[in-house]
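Notes follow once the structure below has been shown.
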Amino acid sequence: MTNTQNTQILQRDTDEKASAQSRRLFEKGLSLHQKGQMAQAEALYKEVLRIQPEHFDAVTLLGISAAQTAHYLRAEAYFRKAIALDPGNADSFNNLGLVLHELGKLDQALESYEHAILLQPDYADVYNNRGNILQELKEFKLALES
């Protein structure tokens, strides 16, 4: 075996161990999150990101946790990162829209919902969320259509 082959084998082994470790940490974080232990869950999600910086689910759950604890600016940043990691995920655009709504950024929230609808035209929750904003904006006819 050449040095290059040895290096490749070692790299694969290291990657597999890191993936297994991040999976265990993520699952433990998810369990804590479901029990309402947000701070502990967030710490584990962040550890997952230290190992795998592009772990979509850890980024998403950090956003959800931040939103659930009314840290909307932090949630916005996580959802934007989730969208950067997977721009075809309608849930991420819906989550971002919810947070932007909380922040009073209604036009941006509408844009986010519109994007989610383009990605998943049968996503009922997004239509409801869009309708709520349109109602706030006194766009009653459009709200009814949502």
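Using only Cα positions of segment 49-146, each an equal point scatterer, no hydration layer, compute I(q)/I(0) via Debye at q = 0.15 Å⁻¹ and quote the log10 values to two decimals.
-0.56
For the cross-link pairs Lys46/Lys105; Lys81/Lys138; Lys28/Lys81; Lys81/Lys105, which exceed 29 Å when the distance is taken from alpha carbon to alpha carbon?
Listed pairs above 29 Å: Lys81/Lys138.
Among Asp122, Asp57, rank each residue by its count of other Cβ atoms within 10 Å, from fewest to most, as a rough exposure measure.
Asp122, Asp57
Residue by residue, what Karplus-based ³J(HN,Hα) values in Hz, rounded to whole numbers, does segment 43-50 have, using 6.51, -1.76 and 1.60 with θ = phi - 60° and x for Gly and Pro?
4, 6, 4, 5, 5, 4, 5, 5
Quick one: dipole size for segment 40-146, taken about the Cα centre, charges +1 on Lys/Arg Cβ and -1 on Asp/Glu Cβ, in debye to the nearest 20.
Charge dipole, segment 40-146, about its Cα centre: 280 debye, nearest 20.
Which of the trypsin sites (Lys or Arg not before Pro) found in segment 34-139 are loop residues per DSSP with 12 or fewer other Cβ atoms within 10 Å of their Cβ?
In loop regions of segment 34-139 (DSSP not H, G, I, E or B), the sparsely surrounded trypsin sites (Lys or Arg not before Pro) are Lys35, Lys138.
Just so you know, all these numbers are worked out from the coordinates, no wet-lab data involved. Predicted model, so just to flag it, every value in this text is computed and none were measured. Cβ atoms come from the backbone with ideal geometry, glycine included; neighbour counts cover every protein chain shown.
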